[in-house]
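Written out below as structure tokens is the structure these notes cover.
The values are calculated or read from the model by the stated rules, or taken from the named source; none is laboratory data. None of these values were measured; they are calculated from a predicted model. Please note: Cβ atoms are built from the backbone with ideal geometry, for glycine as well, and neighbour counts cover all protein chains shown. Surface accessibility is based on the protein's heavy atoms, side chains included, excluding ligands, DNA and RNA. Shrake-Rupley method; radii C 1.70, N 1.55, O 1.52, S 1.80 Å.
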Amino acid sequence: MGSNGVDPSRRPCSVAATLELVGERWSLVVVRELFYGVRRFDGIRRATGAPRNMLAARLRTLQESGIVDRRPYTDRPLRYEYFLTAAGLELVPVLLTLQKWGDTHLTGNLTMPLRHAHDGGAGHRLAPDLVCTTCGVTVTARDLTMAVADPWAGPAPAPAGRASPRRVSAEGRAGSRPPQGHDRDRPHPPGTSAHPRTARPPGPGEPGSR
């Protein structure tokens with residue numbers, strides 16, 4: 001682990017870092033409900049079906065991470081409403097992209113999928129697309145390539161401190177013992193075999209017979 005808390009043996013990636021925070025099931029649906037205007041704990045719980053203890057833990061994590069803010073709406077008893085911060089609102093395009101994918105691949109048969117409109121655009125359909133900030137062209141995943149060579153796409157490097165295996169020619173090094181398979185080509189005394197474990201017993205009249 002490096003001094004900045006990043007494991008140098010793994011790909012440094014903000015996607016993984018973001019998923020550590022909002023990749024759990026209930027986190028993004030909480031952001032969804034706050035975006036829809038469901039501000040209070042009981043309303044969020046009913047809309048998501050999240051267990052109370054799990055929802056309380058997720059709201060606390062999102063608040064500590066600066067994605068959610070809470071404000072009291074009553075003092076007796078003390079109750080809070082929850083709001084998306086600026087960082088939380090920046091997750092809305094992520095939700096819209098997930099919704100588009102789900103409407104296409106999972107829930108296209110719903111009779112009333114959720115839709116959104118923008119100010120002054122009643123009846124307009126939203127499409128979360130990727131747009132080049134330089135030329136304004138809409139791009140898809142098929143249009144994208146890695147801007148630099150990806151070191152993780154090549155062969156894995158040898159572990160530190162371990163020497164690479166040496167290649168030996170078929171003939172072997174000069175003066176080295178030949179492979180065991182060559183023993184069968186050598187002459188052997190009568191009554192013996194190239195494989196001592198399977199040597200036949202001496203026959204009648206041969207040395208060593210009884």
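Points worth noting:
- Residue in the range 49-68 that is open to solvent by less than 60 Å² (accessible area, probe 1.4 Å) and assigned to a strand (DSSP E or B) present: yes
- Any hit, the range 78-87, residues being under 28 Å from residue 146 (Cα atoms), at pLDDT 95 or above and not in a loop (DSSP other than H, G, I, E, B): yes
- Residue within the range 22-43 that is surrounded by fewer than 14 Cβ atoms within 10 Å (Cβ to Cβ) and aliphatic (A, V, I, L, M) present: no
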